[in-house]
Structures are given as structure tokens and as C-alpha cells.
1. In nanometres, what is the gap between the two model label sites at A31 and V224, each 7 Å from Cα along Cα-to-Cβ?
2. Please sort 175-184, 77-86 by packing, taking for each peptide the average over its residues of neighbouring beta carbons within 10 angstrom, highest first.
3. Only sites in a loop by DSSP and with at most 15 other Cβ atoms within 10 Å count here; which trypsin sites (Lys or Arg not before Pro) in the stretch 122-163 make the cut?
4. Over all directions, the average projected area of the alpha-carbon convex hull for the stretch 144-232 comes to how many nm²?
5. With an 8 Å cut-off on Cα pairs and a minimum separation of 6 or more residues, tell me the relative contact order of the chain in percent.
6. Taking only DSSP H segments of four or more residues, each worth -39500 (n - 2.57), what value at 222 nm results for the chain once the sum is divided by all its residues, to the nearest 500 deg cm²/dmol?
7. Sort 109-117, 12-20, 304-312, 27-35 by packing, meaning the average of other beta carbons within 10 Å per residue, with the highest value first.
8. Averaging sequence separations of C-alpha pairs under 8 Å and six or more residues apart, then dividing by the length of the stretch 82-191, give the relative contact order as a whole percent.
Amino acid sequence: MLEALAAPVLRRMDPETAHRLAIRGLALMPAPRPAAPDPMLTTRLAGLTLPNPVGLAAGLDKNAEALGGLARLGFGFVEAGSVTPRPQEGNPRPRLFRLNEDAAVINRMGFNNAGLEAFAARLDRRPPGVLVGANLGANKDSEDRAADYVTGLRRLAGKADWFTVNVSSPNTPGLRALQGRDALDDLLGRVAEARPADGAPVFLKIAPDLEPAEIVEIVQAARVWKLDGLIVSNTTISRPADLRSARAGETGGLSGAPLKPLARRALGLAVEAAEGRLALIAAGGIDSGEEVLHRLRQGAAAVQLYSALVHHGPGLVRRILADLKARLRAEGFTTISEAVGASR
């Protein structure tokens, strides 16, 4: 009923207005009732037990306002944020664009969020039974961006189930420079010192536009500093030549279906370099059970999506899970873990 009534209305609105209304609606939904785990879909990720491998990527619920409603859509885990130490407005509007002809989205939001204190307060009231991660960012005007990530880790310690260090958003000037080896070693060394005492996993989210040698260096740094895994990947600053939408030239990060080839490529490189020593979450162009299984077979332990919801509606997650189960059975897999890396 939600999809039939709300989704067509939201798609006719300005994208950012529709986004805010969707969050408000989801915030009113109760958390899902505990259900018996499905043995075929239950899986492990960096020490966490997930009810299914399909998670929500950061960017939709920036302020952790709708965690219960999002879990009710069927997500096995929910990543909120990006959150910065201090509140910030982000970039001027318009800054979010639907590319309907391409099943894509371009955003240049600029880490707009209400800041760590509001985020922490909502995590204190988080619904039980929902796995929640915190995606950490740095303030645009910060003089020490690495310190911002440390501040986020320390303030949210014990409140989130895992943390993601997001150095790959294209919408904060200079942020992606933190993916260079020298800057990354400084950042990850400081993150390592600030890791939560409860052992909550820490992931690094990387860009899909990196060269193969850069991905190898990032994987090496993640292993040296004992991160738990990588999220591969964020939005792209590239623009495929076959984009059809009139909005294709907008500045910002491109996500959705056109990102799929780049994200697959980056995942393959990360899998090869990681040699099974890092948990990998695949993101970018995830829109079907077929694509989920493809990334699992490549070597991802789980996946995340966001943009596909914009074009396919809130019922997408449950459709993906049903399709994924059917495909697992058809290929002779009885669990998610059996499928991980099967194509290698």
C-alpha cells in the first residue's frame, strides 16, 4: 500500500523535498517485530550477524531519524549519516537530481546534517533489534579533518554497531585527497588509536574512480592499520557517454545503474588485493537479486543500496531478497557464505 500510494507522488516532487517527506514518513513507522532468522539469508560480516546481506547505504537517513522504518522495509542493516562533528547546511539547493532515463541520481549535498550531538541522541533511542552503522564525515571548514573522524568515533562509541570512515565523497573539496597513502596512513593511524573498546568494526568507504594501483595501496593501508573492511564504492565523478538525462551534466556524485560497471571493477580489484583479509561490502548499482548474487560471487560479504529505492520504490528490498533466495537455490547454494567468492 505504501509503495502504491506514496511512491508515485514522491517521484513527481522536487527530489530533496521528496527525500525529506520520505524520511518523515519512515520515522513514523514502528520497528519491525522480531522474526525467526532465515538460515539461507543470515550471514556474518566482520563479526556482526546480519539477518540478510542487503543493507542501506549512507545518505538517505543522514541524522538517524528513521531507523525502525528503514529496517521495516527489509534491510538487514542500516547505515546512517554521513555525520560531521558540527552541524552544517551543505551545498546550496538544488543539489539532488533524478536521472529517470538512466535510473540514476546525481547529488552534491555536501554532508548536510545536524551534527554529532543530535545523531548521538537518536542512537540512544534507537529501536531494539536493528543493526545500525554510523558513517563519519569531516566538516567542510575543518582545519584537521582526520581529527573530525576521531571525534566521531569517540562520541558514538558504544552507540553504533559499526563505523564507516567516509573519505570518498566528491562533494567536500579536498576530501578525496585523504585516499592518498601518506594522508591515509595518518588518518588510519589516528582512527586505530580511537577505535571503540567494544570492538565495533570500522570500515573505509572508497571511490570507484581510483586507479588499480591506488586501490592496492588503500587495501594495504587498511590491512596495516587493522581495519575490518572496505565499502566499495561511493559515487563517481565520471559521466558515462551514454547517459540520456538532461540532468547528466550536473556537478556531483553519480550513483545508480550507470555506476554498476565501475563498482564491479573496483570490487574485483579490492577482492584480489585483500586476499580474504578484509570484509568487503559492495555498493553502487545494486538493484536486483541478480546483482546482489553477482557481487557476492565476486567476493563481497554483503551489499548496500540507496539510489535504486528512488527509482524502484520501497518494496524493492523485499523483492530483491525473494529473488536472491530463488537464485541461491537455483545455483545450489544453501547459505550466503557459500556464495561469497564463488566466482573467484
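Derivation of every value follows stated rules applied to the coordinates shown; laboratory data play no part. Model, not experiment: these values are computed from the prediction. Neighbour counts run over all protein chains shown; Cβ positions are idealised from the backbone, glycine included.
1. About 4.0 nm, to one decimal.
2. Working: 175-184: 17.0, 77-86: 25.6.
Output ranking for 175-184, 77-86: 77-86, 175-184.
3. Details: sites: R122, R125, K140, R145, R154, R155, K159; in loops: R125, K140, K159.
Taking the stretch 122-163 and a limit of 15 other Cβ atoms within 10 Å, the loop trypsin sites (Lys or Arg not before Pro) found are R125.
4. 5.4
5. Values: 737 pairs, mean separation 60.6, N = 344.
Computed value for the chain: 18 percent relative contact order.
6. Working: 12 runs with 127 residues, N = 344.
My calculation for the chain gives -11000 deg cm²/dmol from helical runs alone.
7. Values: 109-117: 19.4, 12-20: 14.8, 304-312: 23.3, 27-35: 12.1.
With the highest mean Cβ count within 10 Å placed first, the list reads 304-312, 109-117, 12-20, 27-35.
8. On the way: 162 pairs, mean separation 29.8, N = 110.
Relative CO of the stretch 82-191 lands at 27 percent.
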